[in-house]
Amino acid sequence: MKILVLGAGRMGYGAAFDLVHNSTDVSHVTVADSDADRAAAVAESIGTDRISHRHLDASNYDAVAELMESHDAAISCVNYWYNESLSKAAIETVTHFCDLGGNNYVVDAQLALDAEAKAAGINIIPDCGLAPGMVSILAMHGAAKFDRLDELHIRVGGLPQKPEPPLDYQLVFSVEGLINEYIETARVIRNGELAVVESMTELESLSFDGFPPLEAFQTSGGTSTLPDTFLGKIKELDYKTIRYAGHCEKFKTMIDLGLCSSESMEFTGTGAASIPACESESEALATGSPATITPRKVFASLLEKHLPADGPDYVLVRLEFKGTSKTEDQKPKTLVYDIVDKQDEATGLSAMMRTTAFPASIIAQMMARGDVLSRGATPQEKAIDPEKFVAELKRRNIQISEYES
């Protein structure tokens, strides 16, 4: 099978690595990026004649379609706003397609292509990274062990192994994606009904063996389509992001001050050329002329400048299921899935790359191999066989600790 990886950033590299080194039935991988040098560097780093690189702008529909046509499946590791157009190109070229998601509205638009994808005989499966993605399939895996499932609580976080102040956090994916998670609303199920809650709220403490104090709080996007899938079948469902204790309060203060606002504002000042705005803005600021700036753009640039990145990391995952067991007496049952993954020293792949890019690679291969029996644009928790998926995770040494509490 031939697989196309769109995007040569951290996750694109992780997906390409998995396709080449963990998958014997993948005959060729193409990695494509708008930065030709970056795509070439990924192919060279992986170092095999089973991978090639291409210069490609994801916004160029015709060029994307031309490249997709020679592949069995494509994985999008580019920014989420391209995924609807990429899905349409996949339908036109009869190419299975999955992506790392990142935005509920884009996912809705992709799922609306269901009839077209079925007619083409392909799969479009959004949100195939870590959360949503891997945890969504694990949700189905655990739910199958209950006669009746009442509650599902999902907690996920990427953490630096060596946290540094002030935020005890390092950038492991797009800063724009991080800000979206923190400012957009979260979809949950409360008392059996769909509900929306504000992100950065409902703070709680939690613990993992060997880790300092941790916290979890509501963030957007993690549940994706799960509330719709479980509606009418469960009383409570939510997703929270895990961070080192104290992170939420610090970041929420900056949100409350308007630093994540996308509304333009006029700024006049002298000696402010160091503000990371665009070139024309910096020139205006330096001369004291009025400039229009966007707080979110400035803040995102500052985060990229001052937060560490690419250091050794952990990924923590916890799914807690509560309901009634499948035994004859149907006793109350609480089941917990825990994952603690860390950077692979042998390969250099971060835990976030392994737990985000590997699931997308697995799903792309399952589609191309014919392991996904249904066709259409479908949420991953409805399309992917949980047992086969979990077996592939274990084969990649992503271990799930399962226990009853």
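So is F146 touching a Gly at 6+ places or on another chain (Cβ under 6 Å) and surrounded by 17 or more Cβ atoms within 10 Å (Cβ to Cβ) or not? So F146 fits the description; yes.
Evaluation of L316 against the conditions (1) closer than 24 Å to G210 by Cβ; (2) at pLDDT below 90; (3) surrounded by 19 or more Cβ atoms within 10 Å (Cβ to Cβ) shows that the sole unmet condition is (2).
A143 satisfies every condition listed in (1) touching a strand residue (DSSP E or B) at 6+ places or on another chain (Cβ under 6 Å); (2) over 28 Å from A391 (Cβ atoms) except (2). Total residues in segment 347-396 satisfying the condition of being in contact with an Asp or Glu (Cβ under 8 Å, 6 or more places away or on another chain) and among the polar types (S, T, N, Q): the figure is 6.
The values are calculated or read from the model by the stated rules, or taken from the named source; none is laboratory data. Every value quoted in this text rests on a predicted model; they were computed, and no experiment measured them. Cβ sites come from the backbone with ideal geometry, for glycine too, and all protein chains shown count toward neighbours.
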